[in-house]
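Right, one structure below, let's go through it.
The values are calculated or read from the model by the stated rules, or taken from the named source; none is laboratory data. Nothing here was measured: the structure is a model prediction, and the numbers come from that model. Here the Cβ positions follow ideal geometry from the backbone for every residue, glycine too, while neighbour counts run over all protein chains shown. Heads up: the accessible areas ignore ligands, DNA and RNA and are worked out on the full protein's heavy atoms, side chains in. Shrake-Rupley method; radii C 1.70, N 1.55, O 1.52, S 1.80 Å.
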Amino acid sequence: MKLLIKQQYDDGKKHVHVLSFGGGTQSIALTLMALEGKINGVIPDYIIFADTGNEPKAVMDQVNKVCEYVKEKYNREIIITSRGNIYDDILRATETGARVSSLPFHTLDRGKMLEAIGRRQCTNDYKIEVIKQMVRTLLGYKPRQHVKEIVHMWKGISTDEIQRVKPIDDKWIEAEHPLVWDVNMDRSACVAYVERELGFTPVKSACIICPFHDNEHWLSIKKGNAEEFEAACKLDEAIRNGLKYESELYLHRSRKPLREVNLNEDQLTFEDFMNECEGFCGI
């Protein structure tokens with residue numbers, strides 16, 4: 001669905017445009033283009049970033065740069081909201097047995113020799129629902145009140161990720177994919193655009209502990225920030241003993257302890273790419 005210029009709506013409802021800012025390459029490019037009015041002349045009413053508390057330092061550094069740039073040039077605010085720190089929540093759950101949102105852990109049932117991927121609740125609980133709640137708050141709604149507006153949720157998905165273009169189940173939200181339908185930009189074009197506008201090459205946004213990382217990404221974390229990699233290894237060890245799963249849990253697809261994995265080979269599969277975070281993580 002292409003975005004419509006606001007004046008073209010004739011359904012008698014108020015339409016609100018919200019840009020879901022993930023902090024990565026595509027969402028940065030989309031934000032800059034949107035504030036310049038390059039998306040069919042429509043400028044988003046709100047730009048919202050849901051912070052999981054587990055983005056790499058390099059990503060948060062660029063998020064802060066974009067926030068400052070947007071404030072100085074456009075006098076606009078990127079609204080930052082959060083449910084909490086997903087890393088701390090999972091680690092705490094391994095110690096207390098408390099319920100926690102599941103990551104798509106790589107699971108191994110040694111008795112039945114079965115390998116699988118666990119349920120992915122993290123994107124919904126720490127990104128999607130957090131942004132939706134912020135939108136409801138900004139529009140003045142209390143819990144369980146019916147939203148009367150139509151909210152157009154802009155997602156930073158580029159043309160090379162078109163298989164991730166999906167509708168949103170909520171009746172009051174319409175998913176919009178401007179990079180695909182309106183400006184026809186792939187990831188490389190987004191990188192070039194950000195480099196021209198901001199003078200730096202953006203890095204990919206994804207939680208440090210995301211089980212969808214390929215070997216190349218894990219290796220970049222290990223080389224780029226030893227403390228972040230060590231924290232991921234610590235969590236990887238904790239989830240096998242502290243979470244209430246019948247199968248063994250791993251962060252790495254090899255189903256070996258992350259600390260012991262040889263990261264010299266990159267074996268990203270098409271299935272892994274399809275499983276990334278629904279456009280809300282800014283990937």
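Condition test on LYS234, is it open to solvent by 30 Å² or more (accessible area, probe 1.4 Å), of a type in the set (D, E, K, R) and more than 25 Å from SER27 (Cα to Cα)? Even if it seems obvious, please write down each step before you answer.
Working: open to solvent by 30 Å² or more (accessible area, probe 1.4 Å): yes; of a type in the set (D, E, K, R): yes; more than 25 Å from SER27 (Cα to Cα): yes.
Considered against the rule, which asks whether it is open to solvent by 30 Å² or more (accessible area, probe 1.4 Å), of a type in the set (D, E, K, R) and more than 25 Å from SER27 (Cα to Cα), LYS234 comes out as yes.
Could you figure out which of (1) without any contact (Cβ under 8 Å) to a residue 60 or more places away in the chain; (2) surrounded by fewer than 19 Cβ atoms within 10 Å (Cβ to Cβ); (3) closer than 30 Å to ASN241 by Cα isn't true of ASP89?
The one condition ASP89 does not meet is (2).
Counting residues that are of a type in the set (A, V, I, L, M, F, W, C) and within 19 Å of the chain's Cα centre (by Cα), which strands (runs of 3 or more DSSP E) fully inside region 26-128 reach at least 2? Step through it out loud before you land on a result.
Values: elements: 46-50, 78-81, 106-109, 114-117.
Because the criterion is at least 2 residues that are of a type in the set (A, V, I, L, M, F, W, C) and within 19 Å of the chain's Cα centre (by Cα), the strands (runs of 3 or more DSSP E) in region 26-128 that meet it are 46-50, 78-81.
Conditions: (1) within 18 Å of the chain's Cα centre (by Cα); (2) modelled with pLDDT of 95 or more; (3) surrounded by fewer than 17 Cβ atoms within 10 Å (Cβ to Cβ). THR137 meets all but one. Number of the miss?
(1)
Does region 196-213 contain at least one residue that is touching a Ser or Thr at 6+ places or on another chain (Cβ under 6 Å) and at pLDDT 95 or above?
The initial filter retains those residues of region 196-213 that are touching a Ser or Thr at 6+ places or on another chain (Cβ under 6 Å), namely 202, 207.
Those still in the list that are at pLDDT 95 or above too: 202, 207.
Yes, that holds for at least one residue.
How about region 58-68: which of its residues are out of contact with any Gly (no Cβ under 8 Å at 6 or more places or on another chain) and either surrounded by fewer than 19 Cβ atoms within 10 Å (Cβ to Cβ) or of a type in the set (D, E, K, R) (or both)?
ASP61, ASN64, LYS65, GLU68
Every residue, every condition in (1) modelled with pLDDT under 95; (2) of a type in the set (Asp, Glu), yes or no:
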position: THR159; (1), (2): no, no
position: ARG164; (1), (2): yes, no
position: ASP169; (1), (2): yes, yes
position: ALA175; (1), (2): no, no
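Pull out all pairs, ordered by first then second residue, where Cβ-Cβ is under 8 Å, the residues are six or more apart or on different chains, the first lies in region 187-210 and is assigned to a helix (DSSP H, G or I), and the second is open to solvent by 70 Å² or more (accessible area, probe 1.4 Å).
Every condition considered, the pairs that remain are ARG187/ASP160; VAL191/THR201; VAL194/THR201; GLU195/THR201; LEU198/LYS65.
For region 260-280, does any single residue satisfy the condition of being surrounded by 16 or more Cβ atoms within 10 Å (Cβ to Cβ), in contact with a helix residue (DSSP H, G or I) (Cβ under 9 Å, 6 or more places away or on another chain) and modelled with pLDDT of 95 or more?
yes
Can you spot a residue in region 146-155 that is among the acidic types (Asp, Glu), open to solvent by 10 Å² or more (accessible area, probe 1.4 Å) and under 30 Å from GLU237 (Cα atoms)? Spell out how you get there, then give the answer.
Kept after step one, since they are among the acidic types (Asp, Glu), are these residues of region 146-155: 149.
In the following step, the residues that additionally are open to solvent by 10 Å² or more (accessible area, probe 1.4 Å) were identified as 149.
Still in the list and also under 30 Å from GLU237 (Cα atoms): none.
No, every residue in region 146-155 fails to be among the acidic types (Asp, Glu), open to solvent by 10 Å² or more (accessible area, probe 1.4 Å) and under 30 Å from GLU237 (Cα atoms).
With SER27, SER101 as the choices, which residue is surrounded by 20 or more Cβ atoms within 10 Å (Cβ to Cβ), of a type in the set (S, T, N, Q) and under 26 Å from PRO167 (Cβ atoms)? Walk me through how you get there before you give the answer.
On the way: SER101 fails: surrounded by 20 or more Cβ atoms within 10 Å (Cβ to Cβ).
Answer to the check: SER27.
Under 6 Å between Cβ atoms, which residue pairs at least 6 apart in sequence (or on different chains) link something in region 26-42 that is at positive phi with a partner that is β-branched (Val, Ile, Thr) and open to solvent by 10 Å² or more (accessible area, probe 1.4 Å)?
GLY37/ILE43; ASN40/ILE5; GLY41/ILE5
Checking GLU55 against (1) within 18 Å of LYS244 (Cβ to Cβ); (2) out of contact with any strand residue (DSSP E or B) (no Cβ under 7 Å at 6 or more places or on another chain); (3) not basic (Lys, Arg): exactly one of these is not met. Which one?
It is condition (1) that GLU55 fails.
Table: residues versus (1) buried (at least 18 other Cβ atoms within 10 Å of the Cβ); (2) over 27 Å from GLY224 (Cβ atoms).
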{"site": "ILE117", "(1), (2)": "no, no"}
{"site": "GLN121", "(1), (2)": "no, yes"}
{"site": "ILE128", "(1), (2)": "yes, yes"}
{"site": "TYR141", "(1), (2)": "no, yes"}
{"site": "ARG144", "(1), (2)": "no, yes"}
{"site": "SER158", "(1), (2)": "yes, no"}
